[in-house]
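Bear in mind these aren't lab numbers, they're just calculated from the coordinates by the rules spelled out. Since the model is a prediction, treat every value here as computed from it, not as a measurement.
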């Protein structure tokens with residue numbers, strides 16, 4: 001999860017406010033490129049914290065879920081779950 005720890009911290013600082021981020025903005029936050037699977041596979045953005053989905057655990061531990069993703073426009077909307 002260390003790769004996505006900065007995303008978790010960023011979302012925690014949002015204090016429950018929803019946020020739309022571009023893939024580029026997420027990359028700026030985490031300091032690395034997103035994997036190609038983020039563009040190719042909708043399942044990358046699933047709210048699934050099982051298995052090897054450290055990226056999903058980062059937003060879910062911050063109390064958020066992916067409410068919307070557009071892989072063509074490369075945007076993701078995070079909304080509070082609690």
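Over the chain, DSSP H runs of length four or greater, each weighted -39,500 (n - 2.57), average out per residue to a 222 nm ellipticity of -9000 deg cm²/dmol. Both radii were evaluated on the Cα set of the chain; the Rg over Rh quotient, with Rh as the Kirkwood radius, amounts to 0.91.
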